[in-house]
Amino acid sequence: MQIDPRRHLPIYLQIAEAIRGGVAAGTYRPGEALPSLRELAVTLRVNPNTVQRAYDELSREGIVEARRGLGLFVAERAPSDARPRAVEEVRAALERGIRIGLAAGLAPESIAADFRQVLATATRSIPSPVIPAAPPKLRRNPKEADA
Amino acid sequence: MNATFAPHAQVGPATPAPAHSPAISMHGVTKRFGTTVALDDISLSIPPGSICGLVGPNGAGKTTLVRLLLGLERPAAGTIGVLGLDPLRDALALRERVGYVPDTLHADRWMTGAEVLRFCRGLRRHWNDTLATRLVDRLGIPLKTRVGSLSRGTLVKLGLVAAVAPEPELLLLDEPMAGLDPLAREEVVETVIAAAPDRPWTVLFSSHSLDDVQRLADSIAVLVAGRLVHHGATDDLLTAVRRVRMRVDDALPRPLPAGVDVYGSQRSGREWTLVIRDGSGGAIERLRGLPGVEVLGVDPLSLEEIFKHMARAPSGRNEERSQS
Amino acid sequence: MNGFDQLVWREWRRSRTMFFVALGIIVALLLLVFSQPQTPPETAGGKISVVDRMAVVGYFATWIAVHVSVFLLPMIAANSLAGERADRSAEFIAPLPVSRSVRLMAKVVLLAAVAIALWAPVLLVAPLLGNSQLVKADDYRSGLGLLGMVAAFTLLATALAWLLAGWVESPVIAAVGAIAIPVAVPWVMFSLQVPFLAPASFFSLWFDSEGIPQSLTLLVAAAFFAAGSGLYVRRLE
């Protein structure tokens with residue numbers, strides 16, 4: 001996982017985004033534990049409070065849940081819950097880009113062609129957005145069968 | 001845990017007053033050196049358990065502010081409370097609980113690293129030997145080399161160990177990252193994060209590196225020419241300040257509508273770029289609503305760009321710079 | 001007191017070189033003295049006992065040591081207070097939890113230890129000399145008296161160095177000033193023939209039974225010392 005301070009997105013949202021992506025991509029399975037606050041803060045070299053905020057955000061969204069005394073785990077619910085939100089984000093980003101293009105005077109056809117090209121390039125190489133999952137630290141819920 | 005504090009300049013939604021007494025509290029602090037005013041009417045409150053980044057151009061007064069907190073300078077006016085103590089009256093009790101990393105460690109040049117640590121350890125009541133050893137190993141500090149022969153990066157690391165090993169409640173760092181190579185920088189940042197004790201400590205660090213500030217700081221305090229021009233949550237600042245690109249047919253109506261506070265503006269023919277203080281709360285809509293104005297785009301800014309604008313126009317006065 | 005040993009250790013390390021150089025000078029001068037053919041006991045003739053031989057060596061050694069201390073002690077004092085400002089090592093200690101009074105005490109301890117190291121041997125050698133056949137009783141008493149005056153002068157110069165070093169930042173200026181001023185003062189008074197105060201000779205102001213009484217010298221020294229200490233402790237740094 002890379003945190004880029006130069007990106008204009010606040011860091012805690014970047015972290016949340018990366019974990020969300022990991023859950024959606026299946027790199028983080030339901031029932032697996034997230035790294036502890038301090039571990040992740042040290043790995044990413046960010047303020048532990050920031051990690052806390054990211055975890056709070058994900059808890060609010062229901063993507064992760066707290067288990068008393070054990071820490072935070074990926075929620076049992078299907079990752080497909082992340083989809084409606086992803087759809088929203090995609091639409092918003094597209095709309096923003098299209099408005100900029102139209103304001104610049106680009107023709108809709110040219111914009112559509114660019115979109116297809118970008119999509120093709122992106123699907124060729126899906127970056128893995130997840131934290132290098134240190135296997136010993138991720139504990140599986142013993143009751144859960146392999147998903 | 002939410003870091004709550006009273007920002008100097010309101011950015012974004014108002015935040016409630018701190019629940020616990022602040023780790024650092026300054027009211028109306030002014031410091032003069034002869035006729036020069038180093039700090040002018042500074043009021044700042046930093047809650048315990050948070051990390052605050054102090055930024056500002058050279059000579060803005062960052063080092064002076066830190067020295068005031070340690071009781072190494074006497075303010076001309078105002079009151080200072082650090083961990084509930086007066087830095088001048090209770091200097092000794094305070095310094096037991098505070099760790100200070102200066103930008104240059106001026107330990108006697110003939111002392112070896114080991115002697116420096118032993119010296120500091122002797123003068124303090126509390127010292128965590130295990131932590132000190134762990135940090136020395138992790139940072140790769142050569143303990144048998146004399147201070148005079150150490151590189152700047154190693155010197156900073158040594159100062160960091162000396163400040164962190166006593167497990168202080170407050171850690172003050174004065175430009176710790178300046179002049180360090182990227183690897184050393186990373187190590188310093190990691191150490192500050194990893195050394196955080198289980199009972200939360202407060203950190204105030206001044207830095208030129210806004211990347212580091214963005215990573216580490218819960219809140220940012222901006223000093224320009226001795227005045228505190230901003231103090232607020234890092235994330236709030238990033239989500240509030242916006243660059244608005246507009247096409248203006250004739251002239252931009254003056255004064256601008258209420259609530260549109262501008263850090264700076266640029267003009268190139270019909271295209272205007274305004275950097276506004278708070279893009280939430282309807283300011284952009286108000287601009288959109290102006291006659292003969294079309295908003296072409298609204299972009300966020302990096303912390304570095306925001307800081308540059310603050311440094312140039314600290315009072316938020318509308319400035320115009322015409323091009324072409 | 002927390003870490004007092006560390007403070008004294010640091011003061012010792014900072015003064016160590018000067019101390020050993022002074023020791024080297026004492027030894028060198030001693031060798032020089034004994035290389036002269038006129039030096040007793042060779043000219044005394046007859047049998048010289050071992051004790052007497054030791055007494056003679058001791059006499060010269062302690063005499064040289066006390067005179068070397070005139071320069072060494074002010075230098076150590078000046079370096080102690082001003083040196084740490086000049087090399088900024090005071091900035092390293094300032095944020096640490098130790099009071100300036102305690103830091104000052106460590107400096108006094110080191111200075112006193114060096115003074116004792118250079119002067120105490122006189123107390124060991126004096127009885128040997130007192131019982132020796134080589135030295136006349138009058139010479140012995142006036143010799144000790146002179147050493148006493150030199151020691152008093154040294155205390156004055158050291159205390160003046162203490163005061164100057166609390167005030168200026170350069171240890172060199174403080175040390176030179178501390179030794180030069182008590183020498184320059186009688187010189188000026190002597191040259192100007194200031195009524196009532198002009199000393200009979202250049203050196204007699206401090207080193208004469210007709211000159212300034214030793215008790216006054218020590219009083220002035222104490223005042224300088226107190227002022228210098230006050231300056232140091234009141235500084236915030």
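Observations on the structure shown:
- Chain B: angle of helix B:303-312 to the longest principal axis, Cα-based, in degrees nearest 10: 70
- When chain C is treated as a GNM with alpha-carbon contacts under 10 Å, the residue of C:E11, C:E169, C:E91 showing the greatest mean-square fluctuation is C:E91.
- Simple label model, 7 Å out from Cα along Cβ direction - C:S142 to C:I173, nm: 4.3
- In chain C, the longest principal axis of the Cα atoms and the axis of helix C:100-130 are about 0 degrees apart.
- In the protein assembly as shown, the alpha-carbon atoms span a convex hull of 246 Å³ per residue.
- Sum of -39500 (n - 2.57) over DSSP H runs of 4+, divided by residues of chain B (222 nm, nearest 500): -8000 deg cm²/dmol
- Label positions at B:D198 and B:R109, each projected 7 Å from the Cα along the C-beta direction, are separated by 4.5 nm.
- Debye, to nearest 20: dipole size of the protein assembly as shown, +1 on Lys, Arg Cβ, -1 on Asp, Glu Cβ: 400
- Annotation: amide H-H contacts under 5 Å for B:I24 (H modelled 1.01 Å from N, sequence separation of 5 or more, or interchain): B:I46, B:L83.
- Value of Rg to Rh for chain C (Rh from inverse mean 1/r over Cα pairs, i.e. Kirkwood): 1.03
- Ratio of Rg to Rh for chain B: 1.04 [Cα atoms; Kirkwood radius as inverse mean 1/r over pairs].
- Phi to ³J(HN,Hα) by Karplus 6.51 cos²θ - 1.76 cosθ + 1.60 over the stretch B:239-246, Hz, x for Gly, Pro: 7, 8, 5, 9, 9, 10, 9, 9
- Per-residue 3J(HN,Hα) values for the stretch C:22-27, derived from phi via the Karplus relation 6.51 cos²θ - 1.76 cosθ + 1.60 with θ = phi - 60°, read 4, 4, x, 5, 4, 4 Hz in sequence order (x marks Gly and Pro).
- Across the stretch B:104-202, the volume of the C-alpha convex hull divided among the residues equals 93 Å³ per residue.
- Here's how it looks for B:A196: its modeled amide H is under 5 Å from none belonging to a residue 5 or more places away or on a different chain.
- The GNM of chain B, with springs linking C-alpha atoms under 10 angstrom apart, assigns the highest mean-square fluctuation among B:S43, B:S149, B:S207 to B:S149.
- For chain C, a Gaussian network of Cα nodes joined below 10 Å ranks C:S80, C:S101, C:S170 by mean-square fluctuation, and the top entry is C:S101.
- Stretchable slack from A:D56 to A:A86, in nm (0.36 nm times residue separation minus alpha-carbon distance): 8.9 nm
- Between C:A226 and C:M18, the contour length at 0.36 nm per residue exceeds the Cα-Cα span by 72.4 nm.
- The angle separating the long axis of helix B:152-164 from the principal Cα axis of greatest extent in chain B is about 80 degrees.
- Using just its DSSP H runs of length 4 or more, each adding -39500 (n - 2.57), chain C gives a mean residue ellipticity at 222 nm of -25500 deg cm²/dmol after division by all residues.
- Amide H contacts of B:A77: B:T30, each under 5 Å away and 5 or more positions distant or on a separate chain (H built 1.01 Å from N in the peptide plane; Pro and chain starts excluded).
- Amide N proximity, the stretch B:100-118 versus C:D87 label position 7 Å along Cα-to-Cβ, cut-off under 16 Å: B:105-117
Any read-out appearing in this document is the output of simple, stated calculations on the displayed coordinates, not a laboratory observation. All values derive from a computational prediction rather than experimental measurement. So basically every Cβ, Gly included, is an ideal-geometry build from the backbone, and we count neighbours across all protein chains shown.
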